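Working notes, structure below.
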Amino acid sequence: MYKKKTVLLPNAITIKNKIYNKKIKLNYIIYTGSYLYKPNKEAIDYLNSIFPILLKKIPNLKLVLTGGGYSKTFPWLINKGIVTKNELHNLIYHSKCLCVPLKYGSGTRIKIIEALSLGAIVVSSKKGIEGIDLISKNPPFIYKNKKDLIKIIYDVIYGYKKIKKNSVNSKKYYLEKYSMKNVIKKFINENKI
């Protein structure tokens, strides 16, 4: 175990480049991840704490949760629990944004890589999006504090069509960069396996 050179296989995904046509007639932001995992718990609690502020300007806005483990109810909350991968991707794609207010954790977030590869709009803390090679910013949006997060969510919802177009245009980059096939090929070539 000692005096051995170790290398890490980067996170990667397998997503088919497809169009999600199953429209959802909701105005919502989404968070994905089990409430039983402490960083997710804190992020979900944080989103619920800012929702009364968001509703002052956007009264029909909803928060969709997936991943299970959550039992509280709020008028703005739609708790989907554990869903299929296809349903998850459809929910992420049609959301106004995937909002990831993580305060701590380690490594790159598969949920963010998947969302970027789907062409979804991502709003994240600096910690949440760390380690991901971004093609551009705005989108994805990286907020600094609570006030900034609320402003960015408003800006995303009011400027949704233009921002969504930019996200969809960027998805090819993330699909190729984080493709499991491409990551493994690069890993093998670089490490002479």
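The values are calculated or read from the model by the stated rules, or taken from the named source; none is laboratory data. Remember, it's a predicted structure, so these values are computed and weren't measured experimentally. Every residue, glycine as well, gets a Cβ built from its backbone with ideal geometry; the counts of neighbours run over all protein chains shown.
Condition check ((1) touching a Cys at 6+ places or on another chain (Cβ under 7 Å); (2) more than 15 Å from G33 (Cα to Cα)) across all residues:
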| site | (1), (2) |
| --- | --- |
| N60 | no, yes |
| P75 | no, yes |
| N79 | no, no |
| K85 | no, no |
| K96 | no, yes |
| E114 | no, no |
| G119 | no, yes |
| V123 | yes, yes |
Practice task
Please work out if Y158 is surrounded by fewer than 18 Cβ atoms within 10 Å (Cβ to Cβ), farther than 29 Å from K5 by Cβ, of a type outside the set (S, T, N, Q) and free of Cβ contacts under 8 Å to residues at least 12 places away in the same chain.
Solution key: yes
Exercise for the section: Select from the range 76-99 the residues that are of a type in the set (K, R) and surrounded by fewer than 20 Cβ atoms within 10 Å (Cβ to Cβ) and write down the one among them that is modelled with the highest pLDDT. Expected result: K80
Problem - helices (runs of 4 or more DSSP H) lying entirely in the range 79-131 (those with 1 or more residues that are among the basic types (K, R) and touching a residue at least 40 places away in the same chain (Cβ under 8 Å)) - result: 110-118
Exercise for the section: For the range 133-142, indicate whether the set of residues that are within 22 Å of N60 (Cβ to Cβ) and in a strand (DSSP E or B) is non-empty. Expected result: yes
Practice task
Identify all residues within the range 26-64 that are surrounded by fewer than 13 Cβ atoms within 10 Å (Cβ to Cβ) and over 18 Å from N145 (Cβ atoms); write none if there are none.
Solution key: L36, K38, K56, K57, P59, N60
Handout entry: Qualifying positions in the range 65-75 - of a type outside the set (D, E, K, R) and either at pLDDT below 95 or surrounded by fewer than 18 Cβ atoms within 10 Å (Cβ to Cβ) (or both)
Key = G68, G69, S71, T73, F74, P75
Exercise for the section: Select from the range 92-127 the residues that are of a type in the set (A, V, I, L, M) and touching a Pro at 6+ places or on another chain (Cβ under 6 Å) and list them in ascending order. Expected result: L102, I121, V122
Practice task
Give the number of residues within the range 86-115 that are touching a strand residue (DSSP E or B) at 6+ places or on another chain (Cβ under 7 Å) and closer than 22 Å to L8 by Cα.
Solution key: 6
Exercise for the section: Return the total of residues in the range 19-54 being of a type in the set (A, V, I, L, M), closer than 24 Å to N90 by Cα and not in a strand (DSSP E or B). Expected result: 8
